[in-house]
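> Take this structure, written in structure tokens, and hold onto it; I'll ask about it next.
The values are calculated or read from the model by the stated rules, or taken from the named source; none is laboratory data. Bear in mind the structure is a predicted one, so any value in this text is a computation, not a measurement. Cβ atoms come from the backbone with ideal geometry, glycine included; neighbour counts cover every protein chain shown.
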Amino acid sequence: MILDKPSFTFALGAVAACALLSPPVRAAGCGQIKLDATDAVVAAPENHKVILENDAVRVLEATVPLHSKEVPHTHFWPSVFFEQTSGRDEPWKAVKIRWSEGGPAKGFPSSDHDRHNLLIELKNVDCQPAPSPELPATDGVTIHDPNISVVLENPYVRVLSVRVPPGEKEPWHTHTWPAVVVYFRLPPSQRLSPDGKKTPRAELKEMQVTFDATSQPLHSIENLGKVVYQAYRVEIKPTTKVAVAKLAR
């Protein structure tokens, strides 16, 4: 059984495998969550691959092929959990996105289907969230464009789905917070700047995960291809240096 918050499903995508149970006991303090030998990457390295890590996040690609074994392990940090719901021969064509509290995972003695997930683990969840700021009028959500939508939000993250139809451009906008940016595939495109600069981007045929360490200035994306441009921004909200009063349960 998976103890997660409500999910959101898209036509596009791919991600990992693990029945996540109740969260682990976490040390009191801000930024004090410590890993041990039960951590997923240590205990089940055949199934968990670190594809990006910094002081704010760790991104894991998790796979458990059909009939293969995954040993018990722990996810110490909560995560934005991308689950591939399309078939193995259509990687990330359909994806479900949800918040996972993390915790011990039983693993699988013999998985009953191919599992492919992506976990954007948040390292700051033992710190209290900062007060919500007033977002600028240019923020990607504030502009109320129907192709930029919030698919998951809580005190620590805001996850945006960004879509640009073929031949179209986004309205000018900014992004307020740092973010993990997930692309499963992309048509050729170009980034437009207010000064007239155009930065081309070639077609992307496989998953790519990047990190925007700062807010993003005014810009627009133009889709030069024949399919929808689709990106997901896992925006990291600011936290205080005050420890969360109660994390263990």
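> Anything in segment 136-185 that is closer than 19 Å to Val227 by Cα and basic (Lys, Arg)? List them, or say none.
Within segment 136-185, Arg163, Lys169, Arg185 meet the criteria.
> Still on this structure, please answer the following. Could you tell me whether segment 172-181 includes any residue that is surrounded by 16 or more Cβ atoms within 10 Å (Cβ to Cβ), β-branched (Val, Ile, Thr), under 30 Å from Gly31 (Cβ atoms) and under 16 Å from the mean Cα position of the chain (by Cα)? Can you show your working first?
Going through segment 172-181, the residues surrounded by 16 or more Cβ atoms within 10 Å (Cβ to Cβ) turn out to be 173-181.
If we keep only those that are β-branched (Val, Ile, Thr) too, we end up with 174, 176, 180-181.
Now narrow it down to the ones that are under 30 Å from Gly31 (Cβ atoms): 174, 176, 180-181.
Retained after the next criterion (residues that are under 16 Å from the mean Cα position of the chain (by Cα)): 180-181.
Yes, segment 172-181 has at least one match.
> Quick test of your reading of the structure: Ile148 fulfils all but one of (1) of a type in the set (Val, Ile, Thr); (2) surrounded by fewer than 18 Cβ atoms within 10 Å (Cβ to Cβ); (3) in contact with a Gly (Cβ under 6 Å, 6 or more places away or on another chain). Name the failing condition by number.
With respect to (1) of a type in the set (Val, Ile, Thr); (2) surrounded by fewer than 18 Cβ atoms within 10 Å (Cβ to Cβ); (3) in contact with a Gly (Cβ under 6 Å, 6 or more places away or on another chain), Ile148 is out only on (2).
> Going by the conditions given, is Thr74 touching a Pro at 6+ places or on another chain (Cβ under 7 Å), farther than 16 Å from Tyr156 by Cβ, without any contact (Cβ under 8 Å) to a residue 60 or more places away in the chain and not acidic (Asp, Glu)? Lay out the reasoning, then the answer.
Working: touching a Pro at 6+ places or on another chain (Cβ under 7 Å): yes; farther than 16 Å from Tyr156 by Cβ: yes; without any contact (Cβ under 8 Å) to a residue 60 or more places away in the chain: yes; not acidic (Asp, Glu): yes.
Answer is yes for this residue.
> If a residue must be crowded, with 16+ Cβ neighbours inside 10 Å, of a type in the set (S, T, N, Q) and out of contact with any helix residue (DSSP H, G or I) (no Cβ under 9 Å at 6 or more places or on another chain), how many such residues does segment 41-65 contain?
Looking only at that region, the number is 1.
This table checks each residue for (1) modelled with pLDDT under 95; (2) assigned by TED's automatic domain parsing to the domain that holds Phe211; (3) out of contact with any Ser or Thr (no Cβ under 8 Å at 6 or more places or on another chain).
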{"residue": "Gly13", "(1), (2), (3)": "yes, no, no"}
{"residue": "Cys18", "(1), (2), (3)": "yes, no, yes"}
{"residue": "Cys30", "(1), (2), (3)": "yes, no, no"}
{"residue": "Thr38", "(1), (2), (3)": "no, no, no"}
{"residue": "His48", "(1), (2), (3)": "no, no, yes"}
{"residue": "Leu52", "(1), (2), (3)": "no, no, no"}
{"residue": "His73", "(1), (2), (3)": "no, no, no"}
{"residue": "Pro78", "(1), (2), (3)": "no, no, no"}
{"residue": "Ile97", "(1), (2), (3)": "no, no, no"}
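> Could you name every one of the strands (runs of 3 or more DSSP E) located completely within segment 178-249 that has at least 3 residues being within 29 Å of Asn117 (Cα to Cα) and modelled with pLDDT of 95 or more?
Numbers: elements: 179-183, 189-192, 198-201, 208-212, 216-223, 229-236, 239-243.
In segment 178-249, the matching strands (runs of 3 or more DSSP E) lie at 179-183, 189-192, 208-212, 216-223, 229-236.
> I'd like the residue in segment 166-177 that is of a type outside the set (Lys, Arg) and assigned to a strand (DSSP E or B) and, out of all such residues, is nearest to Pro133 (Cα to Cα). It would help to see each step written out before you state the result.
The initial filter retains those residues of segment 166-177 that are of a type outside the set (Lys, Arg), namely 166-168, 170-177.
Retained after the next criterion (residues that are assigned to a strand (DSSP E or B)): 173-175.
Values: His173: 17, Thr174: 15, His175: 13 Å.
For segment 166-177, the residue satisfying everything is His175.
> Quick test for you: out of Ile97, Ile148, Ile143, pick the one residue that is without any contact (Cβ under 8 Å) to a residue 60 or more places away in the chain and within 19 Å of Phe211 (Cα to Cα). Outline the logic, then answer.
Working: Ile97 fails: without any contact (Cβ under 8 Å) to a residue 60 or more places away in the chain; Ile143 fails: within 19 Å of Phe211 (Cα to Cα).
Exactly one of Ile97, Ile148, Ile143 is without any contact (Cβ under 8 Å) to a residue 60 or more places away in the chain and within 19 Å of Phe211 (Cα to Cα), namely Ile148.
> Would it be correct to say that Ala130 is over 26 Å from Ser220 (Cα atoms) and more than 12 Å from the chain's Cα centre (by Cα)?
Values: over 26 Å from Ser220 (Cα atoms): yes; more than 12 Å from the chain's Cα centre (by Cα): yes.
When the stated conditions are applied, Ala130 passes them.
> If Glu121 satisfies every condition in (1) over 20 Å from Thr214 (Cβ atoms); (2) surrounded by fewer than 16 Cβ atoms within 10 Å (Cβ to Cβ); (3) not basic (Lys, Arg) but one, which is the exception?
The number of the failed condition is (2).
> Hey, could you check segment 194-209 for residues that are in contact with a strand residue (DSSP E or B) (Cβ under 6 Å, 6 or more places away or on another chain) and surrounded by 12 or more Cβ atoms within 10 Å (Cβ to Cβ) and say which is nearest to Leu60 (Cα to Cα)? So that I can check it myself, show each step before the final result.
Taking segment 194-209 and keeping what is in contact with a strand residue (DSSP E or B) (Cβ under 6 Å, 6 or more places away or on another chain), we get 194, 198-201, 204, 208-209.
Now narrow it down to the ones that are surrounded by 12 or more Cβ atoms within 10 Å (Cβ to Cβ): 201, 204, 208-209.
Numbers: Arg201: 25, Leu204: 20, Gln208: 12, Val209: 10 Å.
Among those that are in contact with a strand residue (DSSP E or B) (Cβ under 6 Å, 6 or more places away or on another chain) and surrounded by 12 or more Cβ atoms within 10 Å (Cβ to Cβ), it is Val209.
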